[in-house]
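Asker: Below are the structure tokens for one structure; questions will follow.
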């Protein structure tokens, strides 16, 4: 008789905050560089600055798309 496999306990992992470069954000949104910077400048798309580097959280993309979809539905 074989023993049952050991139980593996998984700790709840905190969600990973992925930061994208502006070119990565451009590709995800399929927009030009100037369009993405216009969204960043106007505050429609959130970002953070690390030194001289601008990074866009993936959550900001999701929020931006959700907001646009809600505006279109209204």
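None of the figures in this text is laboratory data; all of them are computed from the coordinates on show. Since we're looking at a predicted model, the values are computed, not measured. Cβ: placed from backbone, ideal geometry, glycine included. Neighbour counts: every protein chain shown.
Asker: Hey, among 21, 49, 58, which residue is in contact with a strand residue (DSSP E or B) (Cβ under 8 Å, 6 or more places away or on another chain) and free of Cβ contacts under 8 Å to residues at least 12 places away in the same chain?
Answerer: 49
A quick yes/no check of all residues on (1) in a loop (DSSP other than H, G, I, E, B); (2) surrounded by 13 or more Cβ atoms within 10 Å (Cβ to Cβ):
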{"residue": "24", "(1), (2)": "no, yes"}
{"residue": "27", "(1), (2)": "no, no"}
{"residue": "36", "(1), (2)": "no, yes"}
{"residue": "45", "(1), (2)": "yes, yes"}
{"residue": "49", "(1), (2)": "no, no"}
{"residue": "55", "(1), (2)": "no, yes"}
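Asker: Find the residue count for the stretch 52-74, including only residues that are more than 14 Å from the chain's Cα centre (by Cα) and closer than 13 Å to residue 21 by Cβ.
Answerer: 2
Asker: Another question, if that's okay. Regarding residue 68, is this residue loosely packed, with under 13 Cβ neighbours inside 10 Å and at negative phi?
Answerer: For residue 68, the condition - loosely packed, with under 13 Cβ neighbours inside 10 Å and at negative phi - is met.
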